[in-house]
Amino acid sequence: MKFQPARGTQDLLPETAKQFRAIDDFAFAKAQTYGFEPITTPIFEFSEVFHRTLGESSDVVSKETYTFTDRGGESLTLRPEGTAGVARAFISNGLAQNLPLRFYYSGPMFRYERPQKGRYRQFHQIGVEVLGLETPETDIECVALAHDFLKGLGLADKIQLEINTLGDSDSRAKHRERLVEYLQKFKAALSPDSQVRLEKNPLRILDSKDKKDQELLMGAPALHEFLSVDSQKFFDKVLQGLETLGIPFVHQKNLVRGLDYYVHSVFEFTTTHLGAQATVLGGGRYDGLIEMMGGQKTPGVGWASGLERLALLTDPNFGQRPQLQVAVIAAEEMTESECLKISHELRNHKIRSETMLGGNVGKKLKRANKLGAHFALILGSTEMDQKVVTLKNLSTGEQKTVPRYELLQHLKI
Ligand code: ATP
Ligand code: MG
């Protein structure tokens with residue numbers, strides 16, 4: 001038996017787990033102020049949910065999915081991302097009546113990747129989706145939420161917003177034609193991956209990390225030259241909106257996102273602090289997705305961000321208020337059950353409380369100190385009869401006798 005986590009997975013020990021929770025809670029609280037509601041979808045889905053929607057030629061589907069046949073012979077896939085599952089849930093639950101909808105999700109995702117700092121095989125995403133709104137203002141709000149959230153985490157100086165438009169499907173088709181014409185001439189010089197992409201999804205070549213591919217792309221026809229008037233107007237409004245809200249951005253003309261379903265706005269918040277793992281948060285508009293999955297045509301826009309990368313960038317103490325902690329100590333055996341009762345009452349007031357059991361008072365005090373408790377509460381039988389307790393502040397050493405009914409007032413740090 002191997003006593004190690006599987007490659008690309010990691011245990012989140014309390015320090016990191018607390019940080020993940022704090023970031024997730026903070027993001028959700030922010031999203032709620034924008035009208036988002038939580039949704040949770042299954043961690044695995046029928047494989048088609050991802051294979052059809054993300055595009056067979058996308059890196060995620062062609063190289064990264066965990067797909068397996070279950071005991072009933074169904075092909076299932078561990079979710080590599082959140083949008084396809086939310087879209088599937090929207091269709092399965094007949095939510096088209098309730099539009100517009102704003103969803104927030106968080107949870108583990110799975111991709112078979114080469115693990116490195118900020119890149120894992122099981123990782124965690126938080127994300128949002130807005131369904132049923134086709135206006136540029138929706139994109140603006142979606143980006144604004146992301147910006148607001150990252151700024152609130154204290155990351156404003158570490159990140160940059162890059163944004164681009166892919167145009168509508170007409171613009172994309174025109175560009176595709178010319179791009180293929182151009183790249184066909186250099187086919188032999190393209191990387192093997194890009195040669196395949198040229199047949200299946202040429203736009204993705206723009207996203208290639210291969211140096212030679214990138215050089216060839218310098219002379220390629222650019223997407224923005226093929227934008228329809230409406231697409232251009234849409235994008236101009238998005239950029240104007242960001243300016244109005246004071247959100248700094250860079251129009252990155254080569255930005256395309258890895259997945260097939262994007263149209264119009266695509267955006268990423270990137271950083272130079274995480275080496276090759278430059279993207280902290282990514283998203284865009286996916287108006288064709290739900291129809292492609294067999295639902296009623298419903299526009300959508302959203303983003304997702306990896307908690308591992310966020311945690312690496314964020315102050316480890318973010319959102320972690322010290323919690324008042326009391327060690328409750330019975331000075332005699334006969335007061336032990338009363339001590340359990342006191343601990344219980346303290347917890348009802350959201351105070352972390354632990355009853356020290358076993359050993360003499362000296363030993364119990366030692367353990368209370370080791371635990372890092374702020375107060376030791378000591379109860380002997382005389383005190384129990386007089387309805388008082390002895391309260392010792394463990395950092396100052398100050399000790400006093402306090403009536404039970406006044407106890408809470410004395411527990412302050
Ligand atoms: P990359 O270019 O780094 O592979 P991506 O484009 O595949 O990212 P998305 O699919 O857009 O990433 O996912 C959104 C976010 O999820 C990323 O910006 C990143 O923060 C996080 N993420 C994606 N893949 C991983 C991974 N394998 N490990 C940790 N976080 C990840
Ligand atoms: Mg990736």
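The values are calculated or read from the model by the stated rules, or taken from the named source; none is laboratory data. Keep in mind the model is a prediction, meaning the values are calculated, not measured. In this analysis, Cβ positions are derived from the backbone assuming ideal geometry, glycine residues included, and neighbour counts consider all displayed protein chains. Heads up: the accessible areas ignore ligands, DNA and RNA and are worked out on the full protein's heavy atoms, side chains in. Shrake-Rupley method; radii C 1.70, N 1.55, O 1.52, S 1.80 Å.
Is one or more of the residues making up region 227-236 touching a strand residue (DSSP E or B) at 6+ places or on another chain (Cβ under 8 Å) and either within 16 Å of ligand 2 (Cβ to nearest atom) or basic (Lys, Arg) (or both)? Looking through region 227-236, none of the residues is touching a strand residue (DSSP E or B) at 6+ places or on another chain (Cβ under 8 Å) and either within 16 Å of ligand 2 (Cβ to nearest atom) or basic (Lys, Arg) (or both). Looking at residue 49, is it assigned to a helix (DSSP H, G or I), touching a Leu at 6+ places or on another chain (Cβ under 7 Å) and within 16 Å of ligand 1 (Cβ to nearest atom)? When the stated conditions are applied, residue 49 does not pass them. The residue list 94, 73 contains one member that is over 19 Å from the mean Cα position of the chain (by Cα), open to solvent by less than 70 Å² (accessible area, probe 1.4 Å), more than 16 Å from ligand 2 (Cβ to nearest atom) and under 25 Å from residue 139 (Cα atoms), which is 94. Of all residues in region 256-288, those that are within 19 Å of residue 231 (Cβ to Cβ), more than 9 Å from ligand 1 (Cβ to nearest atom) and open to solvent by 30 Å² or more (accessible area, probe 1.4 Å) total 2. Selection of region 333-357 for residues being loosely packed, with under 13 Cβ neighbours inside 10 Å and acidic (Asp, Glu) yields only 333.
Annotation note: Cβ proximity below 6 Å between a residue of region 374-389 that is open to solvent by less than 50 Å² (accessible area, probe 1.4 Å) and a residue that is part of a helix (DSSP H, G or I) and of a type in the set (D, E, K, R) (sequence gap 6+ or interchain) occurs for 389/383.
Give the residues of region 106-140 that are of a type in the set (D, E, K, R), surrounded by fewer than 19 Cβ atoms within 10 Å (Cβ to Cβ) and away from ligand 1 (no atom under 12 Å from the Cβ), sorted by residue number.
Once the filter is applied, which keeps residues that are of a type in the set (D, E, K, R), surrounded by fewer than 19 Cβ atoms within 10 Å (Cβ to Cβ) and away from ligand 1 (no atom under 12 Å from the Cβ), region 106-140 yields 134, 137.
Residues that are touching a helix residue (DSSP H, G or I) at 6+ places or on another chain (Cβ under 8 Å) and within 15 Å of ligand 2 (Cβ to nearest atom) were ranked within region 259-268; the one that is farthest from residue 60 (Cα to Cα) is 260. Taken over region 311-345, the criterion of being hydrophobic (A, V, I, L, M, F, W, C), touching a residue at least 40 places away in the same chain (Cβ under 8 Å) and under 30 Å from residue 384 (Cα atoms) is satisfied by 324, 326, 327, 328, 329, 330, 331, 334, 339, 342. Considering (1) in contact with a His (Cβ under 9 Å, 6 or more places away or on another chain); (2) open to solvent by 30 Å² or more (accessible area, probe 1.4 Å), the lone condition that residue 291 does not fulfil carries the number (1).
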